[in-house]
Amino acid sequence: HIAVTAPSTTASCVSTREIWRLAWPQFLMMCFQFLVGLTDVWVAGQIHRDAQAVLGIITQCQFILIIVGTAFANASVAAMSQSLGANLPDRARRYAGLVLKIALVFSTLALLFALFFRHSILSLMRVPAEILPLAEEFWQVFLIVLPSHYLLAVTGAMFRARRSVYVPLFTAGMAFFINPFASTGLGPGWWGMPAFGAHGIAYA
């Protein structure tokens, strides 16, 4: 005879609380990322429609390059969580080091490739000639920080694999508070800051 027992209500509540404890910081991080992008688009619209168009084009180009970094981040979560769950911290550390090295190499290669073929990439995107100079400058600025974006995605995933969800939340929160201030300041020149126009958004 096989005895079947229903899960206790206490265990169910504990599991629900644990899932919620891990989920709400990531939900808040996604909200922060959305609001950062929304602020940049809004500020660009306040400056000129060309700036808004360039921001949209370059954001899509950047998203294509970030895909590989996101894939490595998800892979690191799966590998590290499995190792830590099996009580193999040394293996988890080796996975962490390996993923960091791979992310750094791929981000550097993507940076060099995109810089070398930047004119071809923008031509493939059918960027109009009148906004092409601004698009090239935006593209260069976004590419310079590409390795940082890779490392940010991968290290954030590693913290989440260890259930340390508050460290990446803090990072996203810092970006949320700093970027809108810098974008509205350096773009249209609010808060007594110099107005650099569309270039200010890129550097922010």
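The values are calculated or read from the model by the stated rules, or taken from the named source; none is laboratory data. Quick caveat: nothing in here was measured; it's all calculated off a predicted structure. So basically every Cβ, Gly included, is an ideal-geometry build from the backbone, and we count neighbours across all protein chains shown. We work out accessible area using only protein heavy atoms, side chains counted, and drop any ligands, DNA or RNA first. Shrake-Rupley method; radii C 1.70, N 1.55, O 1.52, S 1.80 Å.
Looking only at residues in region 87-107 that are of a type in the set (Val, Ile, Thr) and open to solvent by less than 60 Å² (accessible area, probe 1.4 Å), which one is farthest from Thr155 (Cα to Cα)?
Let us first name the residues in region 87-107 that are of a type in the set (Val, Ile, Thr), namely 99, 102, 105.
So of that shortlist, the ones also open to solvent by less than 60 Å² (accessible area, probe 1.4 Å) come out as 99, 102.
Working: Val99: 9, Ile102: 12 Å.
This residue is Ile102.
Report, by residue number, each residue of region 85-121 that is under 30 Å from Val54 (Cβ atoms) and free of Cβ contacts under 8 Å to residues at least 12 places away in the same chain. I'd like the intermediate steps shown before the answer.
At the first step, the residues of region 85-121 found to be under 30 Å from Val54 (Cβ atoms) are 103-121.
Passing the criteria: Val105, Leu109, Leu112, Phe113, Phe116, Phe117, Ser120.
Have a look at Thr39, Thr16, Thr70, Thr59 and point out the one that is of a type outside the set (Lys, Arg), open to solvent by 50 Å² or more (accessible area, probe 1.4 Å) and over 15 Å from the mean Cα position of the chain (by Cα).
Every option except Thr16 fails the conditions.
The conditions are (1) closer than 26 Å to Ala53 by Cα; (2) at pLDDT 85 or above; (3) open to solvent by less than 60 Å² (accessible area, probe 1.4 Å), and Pro194 fails exactly one of them. Which is it?
Of (1) closer than 26 Å to Ala53 by Cα; (2) at pLDDT 85 or above; (3) open to solvent by less than 60 Å² (accessible area, probe 1.4 Å), only one is false for Pro194: (3).
Return yes when Leu152 is open to solvent by 70 Å² or more (accessible area, probe 1.4 Å) and within 28 Å of Ile47 (Cβ to Cβ) and no when it is not. First the steps, then the outcome.
Values: open to solvent by 70 Å² or more (accessible area, probe 1.4 Å): yes; within 28 Å of Ile47 (Cβ to Cβ): yes.
Considered against the rule, which asks whether it is open to solvent by 70 Å² or more (accessible area, probe 1.4 Å) and within 28 Å of Ile47 (Cβ to Cβ), Leu152 comes out as yes.
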